[in-house]
Amino acid sequence: MQRTLIADALAATAPQRDMTLCGWIRTRRDAKDFSFVEVNDGSCLANMQCIVDAGTPAHEALGDASTGAAICVKGELVPSPGKGQQWEVRAAAITVFGKADPETYPLQKKRHSDEFLRTIAHLRSRTNKYGAAFRIRSEAARAVHDFFHSRRFAWVHTPILTGSDCEGAGEMFRVTTLPGAPNPAEDFFGRSCNLTVSGQLEAEALALGLGRVYTFGPTFRAENSNTPRHAAEFWMIEPEMAFADLEDIMELGESLTRHVVEHCLSQCEADIHLFDAYVDKGLVERLQGMLRQPFARCTYHEAIQILQDSGRNFTFPVAFGVDLQTEHERYLAEEHFQRPVIVYNYPREIKAFYMRANDDGETVAAMDVLVPRIGELIGGSQREERLDRLNARLLELGQNAGDYWWYLDLRRFGTAPHAGFGLGFERLLMMLTGITNIRDVIPFPRTPGSLEF
């Protein structure tokens, strides 16, 4: 079906005699001599106003189609005399593909609560807010790929089914073909199988052959948490670089974040301004501020001292050796530095087995990028490339080294310094939109007790 997207029609530089638009009716107003029909096709935030003259075949074909109906409008693109719009379409012919019963169509009102819209996730992309959110999601993903392509990273696809636990936390979804509580040896793979929590370990293997790689795909965590920041299925961006250290990934993480922000401010201007106006006032200024100056940097030791000197009565007490909580991260980014900050060199006791031990014996070469309103956006480290150190750390944590034989092989055969990080894509989207609940930046969120769509 040949048609013009509304985004392209609104960007026209001259009238057009023949134009075909398809979309869903947002509003309809009937007057004595004509009807105003606002149509949206999802290509942009704005609607196209269509004028349907009474007594014409087009008006007869429109019938009683109202909000939610899918229609095709053929007509002439002409200058609009109305305020706030350059063009409108004078309809010559209309086809109604599917009506929406006004008695039961749930999107009759202009404003609905987020809680209600989560119950109709299959329809919420037709609203201004969620149409904007998912267009920003698309553009942010495009920006991620463009960024890594420009730096000669190879996009690799790591397994979703895995036999290892990258994070060592054990919060994984088990996958089986057998009923009940089967013996893993009798299962499909002959051993326990889980959905991955990270593609990092496999990405490391590919980086130590391809040099620079990144994954961008779904990950899963069986954490029974009902907070606005957690979901059971979410997307991760995970670059890995050979011949790289902590400084390299701090630069990479900052540059990636700034690139995505700059791209979305440019390509999603109307959508982001919608969120600035109705969801998070000051959003545009905050995002622009991230581009004006470099991210701050401080060591974990310095961060703890800043928090202790703040005079704040935090819910979670601050002391050296504790993992930073969201309230600590947000204080550092929002109030102390008033911009994103990279905290690095964390105590080894609170970090994963694969992080490279520093010479001080108490910290590892790890870093987190903290941003206002979100807290941790990126977590990464230089990886431990020394076989003896990695073996000792696995033993210390009670891990079965045999489960990581291939990972240890990378240290036996041509080991090299390498580093990488993980960036939670949904947290990036929360930062870009001001949306405060992760369920509202994922089209069909997977959370405890929620698997309807």
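For H149, the requirement of being modelled with pLDDT of 95 or more, assigned by TED's automatic domain parsing to the domain that holds N400 and out of contact with any Ser or Thr (no Cβ under 9 Å at 6 or more places or on another chain) is met. Of everything listed in (1) of a type in the set (D, E, K, R); (2) under 26 Å from I136 (Cα atoms); (3) assigned to a strand (DSSP E or B), the single unmet condition for R3 is (3).
When you check E38 against the structure, is it acidic (D, E) and within 34 Å of the chain's Cα centre (by Cα), yes or no? Yes; evaluated as a whole, the condition is true for this residue. A Cβ distance below 6 Å, combined with a sequence gap of six or more or placement on separate chains, defines the contacts here; from the range 226-248, residues that are over 20 Å from L195 (Cα atoms) reach residues that are of a type in the set (S, T, N, Q) and assigned to a loop (DSSP other than H, G, I, E, B) in the pairs P228/T436; P228/N437.
Would you confirm whether or not the range 364-373 contains a residue that is within 23 Å of G311 (Cβ to Cβ) and among the acidic types (D, E)? No: zero hits. Annotation note: of T158, T215, T176, the sole residue that is surrounded by 14 or more Cβ atoms within 10 Å (Cβ to Cβ) and assigned to a strand (DSSP E or B) is T215.
For first residues located in the range 386-403 and outside the structural domain of A419 (by TED's automatic domain parsing), partners that are at pLDDT 95 or above and loosely packed, with under 14 Cβ neighbours inside 10 Å and lie 6+ apart or on another chain with Cβ distances below 6 Å do not occur.
From the list E115, E88, the lone residue that is among the acidic types (D, E) and part of a strand (DSSP E or B) is E88.
Residues satisfying the criterion are absent from the range 68-79 (criterion: free of Cβ contacts under 8 Å to residues at least 60 places away in the same chain and farther than 18 Å from G23 by Cβ). Listed by first and then second residue, the pairs with beta-carbon distance under 8 Å, at least 6 apart or on different chains, first residue in the range 278-303 and outside the structural domain of G253 (by TED's automatic domain parsing), second buried (at least 18 other Cβ atoms within 10 Å of the Cβ) and of a type outside the set (V, I, T), form an empty list.
Each row is one residue, and each column tells you yes or no for (1) buried (at least 19 other Cβ atoms within 10 Å of the Cβ); (2) outside any strand (DSSP E or B).
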| site | (1), (2) |
| --- | --- |
| A7 | no, yes |
| A12 | no, yes |
| M19 | yes, no |
| G23 | yes, no |
| R28 | no, no |
| K32 | no, yes |
| V39 | yes, no |
| S43 | no, yes |
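Considering every residue within the range 49-59, establish whether at least one is under 34 Å from the mean Cα position of the chain (by Cα) and part of a loop (DSSP other than H, G, I, E, B). No: zero hits. For the range 93-107, taking the residues that are touching a Ser or Thr at 6+ places or on another chain (Cβ under 8 Å) and over 17 Å from D41 (Cα atoms), the one that is surrounded by the most Cβ atoms within 10 Å (Cβ to Cβ) is identified as Y105.
The values are calculated or read from the model by the stated rules, or taken from the named source; none is laboratory data. Note that the structure is a prediction, hence the values are computed from the model and not measured. Neighbour counts run over all protein chains shown; Cβ positions are idealised from the backbone, glycine included.
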